[in-house]
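Input: a single structure, listed below in structure tokens.
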Amino acid sequence: MADTRNADLTFGATDYLVHMAAINTAAPLAFADPATPWKCLGWVTTEGGTFTVEEESQDVEAAGSLEPIRTLMTRSTKSLQVSFLEGLNPLVRSLYDNVPITALQPTTGVASYDLPDKPADLRYAYLFDTMDGEKRMRLYMPNGKVVERGDEQPQTTDVMPVQLTFRFYKGASNSAAVKRSIDYGDVDVSGFFPTP
């Protein structure tokens, strides 16, 4: 077997960008810069984002067998956690406070709004772009919402990060909850695939 190890296939993110738009907004062309209606959520911490897939299954047991005769996949949840550095970014603040973005539009320089007693089901489309030189990865989620919020702690020693955990659901026409795109840059990956 050929040794296909290649240090150029390592990936160390040099930038991490998050964009949002209305639910089920189509993804931009592969790795094109997101244009209107996509809006950037600003700077994130150097940790970038943590993408998680949680899967649950149930074994079906039957008489006459010491091993399960079948395994049913009962759940597959995809989520992503990001800490944003722009604690006053209206998009980030609206997601954290679970209010429509229009609530944060200032009148006479001040925005004032009530935090909802009952959580609203605010859903958007999201792009998460990661870059390493010419190499890029993009996650596109047509239907996502914030399901967890970190503690809010304004402080004098550092900026106030805003931690959000997003969960993703199938989009319009039952499209996948998450689509990944990879641009390998100028790295030759042809040795990984069978020749016809």
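The values are calculated or read from the model by the stated rules, or taken from the named source; none is laboratory data. It should be emphasised that the depicted structure is a prediction, and the values quoted were computed from it without experimental measurement. Backbone-built Cβ (ideal geometry, glycine too); neighbour counts: all protein chains shown.
I'd like the residue in the range 1-21 that is exposed (fewer than 11 other Cβ atoms within 10 Å of the Cβ) and of a type in the set (G, A, S) and, out of all such residues, is farthest from A172 (Cα to Cα). Per the criteria, the residue is A2.
Of the residues in the range 119-129, at least one is among the hydrophobic types (A, V, I, L, M, F, W, C) and either in a helix (DSSP H, G or I) or free of Cβ contacts under 8 Å to residues at least 40 places away in the same chain (or both).
Restricting T46, T36, T77, T71 to those that are loosely packed, with under 14 Cβ neighbours inside 10 Å, under 16 Å from the mean Cα position of the chain (by Cα) and modelled with pLDDT of 85 or more reduces the list to T46. Considering the range 145-163, and only residues there that are touching a helix residue (DSSP H, G or I) at 6+ places or on another chain (Cβ under 6 Å) and either at pLDDT below 85 or of a type in the set (A, V, I, L, M) (or both), the residue that is farthest from V82 (Cα to Cα) turns out to be V146.
Scanning the range 167-196 for residues that are touching a Ser or Thr at 6+ places or on another chain (Cβ under 6 Å) and not in a helix (DSSP H, G or I) gives a single hit, R167.
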